[in-house]
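S.K.: Please read through the structure below; I'll follow up with questions.
Please treat every number below as a calculation from the coordinates, not as lab data. Owing to the predicted nature of the structure, the values given are computational and were not obtained by experimental measurement. Positions of Cβ are generated from backbone atoms using ideal geometry, with glycine treated the same way; all protein chains shown enter the neighbour counts.
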């Protein structure tokens, strides 16, 4: 049996979690004060994901870049693949919050969306 320790980010409590695993499967989670801690611990040790936030270039806009994020978490081991693709993206103004700026980023099935409005020059 292996034991991992994490600090929960599921709520503001920041509980010290202890995850007991056997053969790659979670046996028990302890230290959490809410159900979100249990869910976070199980996901983090078996299939960690992250939401990427960054910027992409804008042509003919009032700003040179627009902030973007992935619509949902992508596998943690695919972050750099996604960033390599995002570096190549340029969008045309105007850009509105929620506009998809890149689809199926790095083959993850996840889209990148704008999180800010940018007007045309």
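S.K.: With 10 angstrom as the radius, rank 112, 83 by how many other C-beta atoms surround their C-beta, starting from the fewest.
M.R.: 83, 112
S.K.: Hey, another quick one. Determine the calculated [θ] at 222 nm for the chain from helices alone, applying -39500 (n - 2.57) to every DSSP H run no shorter than 4 residues and normalising by the residue count; nearest 500 deg cm²/dmol.
M.R.: The helix-only estimate for the chain comes to -5000 deg cm²/dmol at 222 nm.
S.K.: Moving to a separate point now. Can you sort 15, 8 so the residue with the fewest Cβ neighbours within 10 Å comes first?
M.R.: The order, fewest Cβ neighbours first, is 15, 8.
S.K.: Ranked by Cβ crowding within 10 angstrom, fewest neighbours first, how are 38, 99, 77 ordered?
M.R.: Starting with the residue having the fewest Cβ neighbours, the order is 77, 99, 38.
S.K.: Return the whole-Å distance between the Cα centroid of the range 17-41 and the Cα centroid of the range 45-121.
M.R.: With the range 17-41 and the range 45-121 each reduced to a Cα centre, they are spaced 32 Å.
S.K.: Follow-up question, since we're still on this one. FRET efficiency for residue 33 and residue 69, Cβ-Cβ distance as r, R0 = 41 Å, nearest 0.05?
M.R.: With R0 = 41 Å, the Cβ-Cβ based efficiency is 0.90.
S.K.: Throw me the Rg/Rh for the range 2-47, computed over C-alpha atoms with Kirkwood Rh, two decimals.
M.R.: Here Rg/Rh amounts to 0.93.
S.K.: Shifting gears a bit: Could you work out the pair-distance distribution P(r) of the range 53-114 from its alpha-carbon pairs, with 10 angstrom bin width and percents rounded to whole numbers?
M.R.: Going from the shortest bin to the longest, the percentages are 23, 57, 18, 2.
S.K.: Helix 35-46 versus the longest principal axis of the chain: what is the Cα-based angle in degrees, 0 to 90, to the nearest 10?
M.R.: Its long axis makes an angle of about 80 degrees.
S.K.: Please report the Cα spread of the chain along all three principal axes, rounded to whole Å, starting with the longest.
M.R.: Projected onto the principal axes, the Cα atoms of the chain cover 59, 28, 16 Å.
S.K.: Now, a different point. For the chain, what relative contact order do you get, as a whole percent, if you take Cα pairs closer than 8 Å and at least 6 residues apart?
M.R.: 19
S.K.: Given a Förster distance of 30 Å, report the FRET efficiency between residue 111 and residue 11 from their Cβ-Cβ distance, rounded to the nearest 0.05.
M.R.: In this case the efficiency is close to 0.65.
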